[in-house]
Amino acid sequence: MDLLDWHRGAVSSRRLAVLVKHLPRDSAVNRDLHGEAVEWDASTHLLAATVDHLAVANWMTATINSGEDADPLEYPEGVPRPQLNGERPDADAAQDEDHPAPGQPSADQLMRFFS
């Protein structure tokens with residue numbers, strides 16, 4: 001499609017807006033607007049979530065099976081996700097050993113639960 005067709009009146013503004021709105025994910029316009037986020041489809045997000053959950057499960061197992069005198073293990077960091085519209089995902093927030101993020105159990109809570 002030639003954009004001059006819009007200028008000449010052969011293509012309406014509404015038709016041009018629909019065409020731009022439904023460009024493929026990997027188009028230059030989407031890549032410019034959203035950066036690397038256009039490369040992440042649902043499967044990639046699910047795979048990253050799976051890796052994060054497995055890392056947490058391994059951390060819980062190691063925490064529970066470590067001795068009482070052992071140093072606490074660091075909570076695993078999540079797979080970095082692409083930023084969308086300049087927002088930073090909550091999963092990347094820094095964790096404190098004594099104050100885990102909401103919804104995440106502390107090492108002591110895990111030990112009491114599994115003991």
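Things to note:
- Among the residues of segment 16-35, the ones that are within 16 Å of the chain's Cα centre (by Cα) and exposed (fewer than 11 other Cβ atoms within 10 Å of the Cβ) come to 0 in all.
- Cβ separations smaller than 7 Å between residues 6+ apart or across chains give the following pairs from segment 36-58 residues that are under 15 Å from residue 26 (Cα atoms) to residues that are part of a helix (DSSP H, G or I): 38/30; 38/31.
- Identification of helices (runs of 4 or more DSSP H) wholly contained in segment 1-75 with 1 or more residues that are among the hydroxyl-bearing types (Ser, Thr, Tyr) and over 30 Å from residue 114 (Cβ atoms) yields 13-21, 42-65.
- Search result, residues across segment 1-59 that are hydrophobic (A, V, I, L, M, F, W, C) and within 30 Å of residue 72 (Cα to Cα): 46, 47, 48, 49, 51, 54, 55, 56, 57, 59
- Restricting segment 68-115 to residues that are among the polar types (S, T, N, Q) and modelled with pLDDT of 55 or more, the residue that is farthest from residue 35 (Cα to Cα): 115
The values are calculated or read from the model by the stated rules, or taken from the named source; none is laboratory data. These figures come from a predicted structure and were not determined experimentally. With ideal geometry, Cβ positions are generated from the backbone for all residues, glycine too; neighbour counts draw on all protein chains shown.
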